[in-house]
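So the structure is just underneath, and the comments pick up after that.
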Amino acid sequence: MKHIWIVDDDEEMAKAVGLMLKLLNCQSRHFLNARSAAQELLAGKRPDLLILDMSMPEVTGLMMLEFIRRRTEWKNLPVLMLSSEAADVQVDQAMRLGADGYVTKPVSLDELEAAMQTAFQKHGKI
């Protein structure tokens, strides 16, 4: 069973994504902000996949993504970006910074599953 972390300040969205992950036979853990997820990573805990909301207060999803990709021990951690925005500029920026996929809110179960599969394949985790 895959362990997925959802980092999103919107609790309702995180719950919805968590329910979809349960349907996909995954366990999820929700973090309300990037700092708390980063603390867990620094403590040595690691998910099989990280889903980051782009727009969070203080530390954005892009900032968290940059933090993750700068560390060699996390270079193979699959990361999906989640956003209510689908502007090409945002998608391009996220992908340039090392995101493995980008899904827009509200995300469908099929869309989430396809993005997860792509992310896992990129990192040889299927």
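The values are calculated or read from the model by the stated rules, or taken from the named source; none is laboratory data. Predicted model only: the values in this text are computed from it and were never measured. Cβ atoms come from the backbone with ideal geometry, glycine included; neighbour counts cover every protein chain shown.
Observations on the structure shown:
- Flag for residue 42 being touching a residue at least 12 places away in the same chain (Cβ under 8 Å), of a type outside the set (Phe, Trp, Tyr) and either loosely packed, with under 12 Cβ neighbours inside 10 Å or under 17 Å from residue 98 (Cα atoms) (or both): no
- Filtered by the rule that a residue be in a helix (DSSP H, G or I) and surrounded by 16 or more Cβ atoms within 10 Å (Cβ to Cβ), the range 17-39 gives 17, 18, 20, 21, 34, 37, 38.
- Answer residue from the range 71-108, given it is part of a helix (DSSP H, G or I) and either loosely packed, with under 13 Cβ neighbours inside 10 Å or touching a Pro at 6+ places or on another chain (Cβ under 8 Å) (or both) and is modelled with the lowest pLDDT among those: 88
- In the range 55-70, residue surrounded by the most Cβ atoms within 10 Å (Cβ to Cβ) [restricted to those that are farther than 24 Å from residue 12 by Cα and in contact (Cβ under 8 Å) with a residue 12 or more places away in the chain]: 68
- Every residue from the range 18-39 that is under 11 Å from the mean Cα position of the chain (by Cα) and touching a residue at least 60 places away in the same chain (Cβ under 8 Å): none
- Complete set of residues in the range 1-15 that are surrounded by fewer than 16 Cβ atoms within 10 Å (Cβ to Cβ) and either outside any loop (DSSP other than H, G, I, E, B) or among the hydroxyl-bearing types (Ser, Thr, Tyr) (or both): 3, 11, 12, 15
- Verdict on residue 119 being within 20 Å of residue 18 (Cα to Cα) and either touching a residue at least 24 places away in the same chain (Cβ under 8 Å) or of a type in the set (A, V, I, L, M) (or both): yes
- Condition check for residue 8 on (1) farther than 22 Å from residue 123 by Cα; (2) over 11 Å from the mean Cα position of the chain (by Cα): one failure, at (2).
- Residues of the range 40-68 classified as among the β-branched types (Val, Ile, Thr) and in a helix (DSSP H, G or I), total: 1
- In the range 21-33, the condition of being in contact with a strand residue (DSSP E or B) (Cβ under 6 Å, 6 or more places away or on another chain) and polar (S, T, N, Q) is met by at least one residue.
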